[in-house]
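The values are calculated or read from the model by the stated rules, or taken from the named source; none is laboratory data. This structure is a prediction, so every number in the text was calculated from the model and none was measured. Note that we place each Cβ from the backbone using ideal geometry, even for glycine, and neighbour counts take in every protein chain shown. These area figures cover heavy atoms from the full protein model, side chains too; ligands, DNA and RNA do not enter into them. Shrake-Rupley method; radii C 1.70, N 1.55, O 1.52, S 1.80 Å.
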Amino acid sequence: MEIQKQSKQQQQEFALASITELASSSSTSSSCSGSQSVPVIARFSAENGVAGLRFNRDSESTDSISVDVRTTQLFKLGPLQSVCIAEASGAGTGKEKYSTGVNVQFRNEEESRAFHCAFEQWKKKDTVQGTLMPNGAVTSCKSKFEDKIEPSSAKMYFHYYGQLLHQQNMMQDYVRTGTYYAAVIENRADFFGRVVVDVGAGSGILSLFAAQAGAKHVYAVEASEMAEYARKLIAGNPSLGERITVIKGKVEEVELPEKADILISEPMGTLLVNERMLESYVIARDRFLVPNGKMFPTVGRIHMAPFSDEYLFVEIANKALFWQQQNYYGVDLTPLYGSAFGGYFSQPVVDAFDPRLLVAPTICHVLDFTEMKEEDLYEIVIPLKFIASVGTRVHGLACWFDVLFNGSTVQRWLTTAPGAPTTHWYQLRCVLSQPLYVMAGQEITGQLRMVAHNAQSYTLYLTLSAKMWGPGAEQGGILQTSSCKLDLKEPYYRMSQPQAYAMAQDQQPHQPIHTQDIHIQAADDLEEPELIQPPPQNLDGQLQ
C-alpha cells in the first residue's frame, strides 16, 4: 500500500474547527470573524516566492483572512487553541506593530501539532517534501528527536541500521527473533483484526509477523534507508503485504491516518537503554496508541549483581602497560599512563560470562513501558544493596535485561541473562579500577546512575561500598568505597564465550580449567543464576 504523495503545487491545507478575528484599531473585522461554529480551511501557499497563509470558510470561498507567514507569529494558548498575530508592513524599525490577529480553534491535538509544525516550516520557506499530513506525513519542523540528539550521532545511527548486513545480524539472533515470533503468534487474539504500528520497523520482519497473526493493518514506521528494503521485502510477500504500509520517517514526526490497537517494536539496546530508542517507543505510545492498547514488549527489567573476575580485571589493567614505556623511540610515554588506565576502565565490558562469577543475589529495576514518561528515561537512578554470598574481591557490577510480552493468551519473556542462550546483546559489566574486599554475609551498597546524553546513549556513574559486618555492624560505617564513570556509547566488545573457573581457597586468583570439562546449562526459564558458592573443604582443582 503506497502513501499518497503531496501535490506538486506549493500549498498545504488544514481543516480547522473555527477562527475568530481579534479586534484591532488598525484593522477591520473580516466576515469570517465570530464564525466560531463554522468550520474553516487554513491554506499555506507560495505566490511569487512569498509564503502566505489564508483562512477561508471552505476551500472554494473567497471570503478570507490573509497574512504573510514571514512576518507572522503563532502562539499556542492551549491544546486546541492558538493565536496568529500578523505584523504590520511598517514593522522592522525597532517598534513592532501588528495589524491582524486570528484566534484559531483546532479539532484535536494532533491537528494542532501538525499545523504548528507546518507553520514553522513554511516560515522558513521550505516546502514539505513527503506525504500529506493526514496520511503518514513527515513534518519537517524540529522534533523532540532533533532537540535532544546530536545530528552527527543520528546520521551514523540511521546509516548503520540502513544496511542489510546489520539487519541480518539481528535477524540471525534466533533467541531474539524466535521469541518475538512466538509472542506474536501465540497471542493471535491481540493482533487479529487490529491496527498495529511497528515502531522502528527495520526490515519489516515484525510487521510481517503481525500480518501473519491476522492484523487488520500494520503501519511500519522506519526512519533509515532500510524502509526501502522493507517495502521490497513486504512486496515480495503479497498475501501479507497488502495489509502493511511502510512509512519512512521518525515516529516523533510522522502522522498516521488512524490510531493503533497495539504497538510492536524492538527498542532494546545494550543494558536495555542504549541508543535511546525506548524514548521513541514511549512517544509512539503517546501519539498513536488507543487508550488501554497493548505494547509488545510491555515491561523491561534491568538485573544487577556484583561479580568477581580476576582475569577480566588484569586483562583491562594490562592494556595500559603500553603507556609505561620510558623509551618508545626515544619518547617517555609514562605521563599518559594514568589517563590511559582510567580510559580503559571507563569502558563497559560487553561479553557473555559464567553466572557463577556473581557473588550476591541479583536485584532488578523495572521499566513499565505502558506507564512511564519519556522524561523518566533521561536519568535513571538505581539504589544498590546486596549481601555477599562468599568472601572474595568484588571487581564491579554485572548487568543484563529481560522484557515481557504481556499477551492476553501467553506471557512470554525474552532474557539476556548469563547462563541463558546467548543473544546479540550479551551481558554488560562495569569494572572498578579499585576492587572491594568482602566477606560472606557482608553488605554491599551503592548506586548506579545513568544519565542520557545527545550521542544516543548514557553516561554511567557507579559507586559500590562495603559496609562493616559481624557484631556491631549496625553501628558500623563504610569500610571501602570504589567508584567509576563509564560511557555506554563506547563499550569494550570482548565477545568471549563464558569462561569456566575453579575456586581457589582464597578466591583469588581464579585458576582456569578446560572449558570442555564443564557444561553450562541453558536456562529454560527466568530462574536466578547460580552464585559463587563457598569453597568445599577438599578442593582438588576441579569443579564438582
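Scanning region 248-280 for residues that are over 30 Å from residue 351 (Cβ atoms) and either open to solvent by 30 Å² or more (accessible area, probe 1.4 Å) or at pLDDT 95 or above (or both) yields 248, 250, 257, 258, 259, 260, 261, 262, 263.
Scan region 446-464 for residues that are open to solvent by 30 Å² or more (accessible area, probe 1.4 Å), part of a strand (DSSP E or B) and not charged (D, E, K, R) and jot them down.
447, 451, 453, 461, 463
Here residue 441 fits the description: under 14 Å from residue 306 (Cα atoms), assigned to a loop (DSSP other than H, G, I, E, B), open to solvent by 20 Å² or more (accessible area, probe 1.4 Å) and at pLDDT below 95. Within region 153-184, if we keep just the residues that are out of contact with any Ser or Thr (no Cβ under 8 Å at 6 or more places or on another chain) and in a loop (DSSP other than H, G, I, E, B), the residue that is surrounded by the most Cβ atoms within 10 Å (Cβ to Cβ) turns out to be 163. When region 302-323 is filtered for residues that are within 30 Å of residue 185 (Cα to Cα) and in contact with a Ser or Thr (Cβ under 9 Å, 6 or more places away or on another chain), only 303 remains.
If you go through region 297-322 and keep only what is among the β-branched types (Val, Ile, Thr) and over 30 Å from residue 276 (Cα atoms), you end up with just 314.
With respect to the conditions (1) more than 21 Å from residue 410 (Cα to Cα); (2) free of Cβ contacts under 8 Å to residues at least 24 places away in the same chain, residue 193 falls short on a single one, namely (1). Among the residues of region 281-323, write down those that are more than 28 Å from residue 265 (Cα to Cα) and either acidic (Asp, Glu) or open to solvent by 10 Å² or more (accessible area, probe 1.4 Å) (or both). Within region 281-323, 309, 310, 311, 313, 314, 315, 317, 318, 319, 321, 322, 323 meet the criteria. Residues that are more than 26 Å from residue 482 (Cα to Cα), part of a strand (DSSP E or B) and touching a residue at least 12 places away in the same chain (Cβ under 8 Å) within region 367-422 comprise 367, 368, 402, 403, 404, 405, 406, 412, 413, 414, 415, listed in sequence order. In the condition set (1) within 24 Å of residue 492 (Cβ to Cβ); (2) in a strand (DSSP E or B), residue 360 is compliant with all but (2).
If you take the residues in region 270-279 that are in a helix (DSSP H, G or I) and hydrophobic (A, V, I, L, M, F, W, C), which one is nearest to residue 365 (Cα to Cα)?
Checking each candidate, the answer is 278.
Could you please find all residues in region 75-104 being in a strand (DSSP E or B), at pLDDT 85 or above and surrounded by fewer than 18 Cβ atoms within 10 Å (Cβ to Cβ)? 81, 83, 103, listed by residue number.
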